[in-house]
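Q: Structure below; questions to follow.
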Amino acid sequence: MNQTPELVYPASPRNPRGLFEFSNTGMGAKASVRNLRFHIGRYTYIVFRSTAVHDPETAGVEVSRDGKQTLIECKANVYSDTPGVASVYHVDEQHFYEIQNIDLPEIARDELVY
């Protein structure tokens with residue numbers, strides 16, 4: 001299924017430093033949280049994925065503006081017309097590892113979304 005992305009940021013390729021913040025944080029012996037944060041105008045977007053040995057994986061996007069947050073939950077390989085559920089889940093783990101090597105500013109642990 002080919003769809004045009006709803007959001008592309010930045011609009012043209014450029015150095016990600018100064019645009020994004022990132023965290024790949026261990027949350028115990030067998031759990032981790034990955035967040036990628038960026039801002040467009042008054043909106044803040046956090047793409048997240050969390051994994052834990054004994055809990056289901058979670059992923060999605062938190063969008064906030066003026067102190068109000070909306071969570072868009074991603075479901076694995078689900079095509080959906082349900083508001084608030086992403087049509088296709090594809091937060092590829094490999095992309096987070098590639099981002100980690102860019103040396104972006106780190107998101108503080110108390111600001112993580114999971």
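The values are calculated or read from the model by the stated rules, or taken from the named source; none is laboratory data. From a predicted model like this one, the values you see are computed outputs, not experimental measurements. Please note: Cβ atoms are built from the backbone with ideal geometry, for glycine as well, and neighbour counts cover all protein chains shown.
Q: Restricting the search to region 25-52, which residues are part of a loop (DSSP other than H, G, I, E, B) and within 19 Å of Gln69 (Cα to Cα)?
A: Those that are part of a loop (DSSP other than H, G, I, E, B) and within 19 Å of Gln69 (Cα to Cα): Gly41, Arg42.
Q: To continue, here is another question. Could you give every pair whose Cβ atoms fall below 8 Å, whose first residue belongs to region 9-26 and is on the phi > 0 side of the Ramachandran plot, and whose second residue is polar (S, T, N, Q) and modelled with pLDDT of 90 or more, counting only separations of at least 6 or pairs across chains?
A: Pairs that qualify, where the first residue is on the phi > 0 side of the Ramachandran plot and the partner is polar (S, T, N, Q) and modelled with pLDDT of 90 or more: there are none.
Q: (1) modelled with pLDDT under 80; (2) in a strand (DSSP E or B); (3) among the hydrophobic types (A, V, I, L, M, F, W, C): which one isn't true of Phe22, the others all being true?
A: It fails just one condition, (1).
Q: Right, next: Kindly check whether there is at least one residue in region 62-83 that is modelled with pLDDT of 80 or more and of a type in the set (Gly, Ala, Ser).
A: yes
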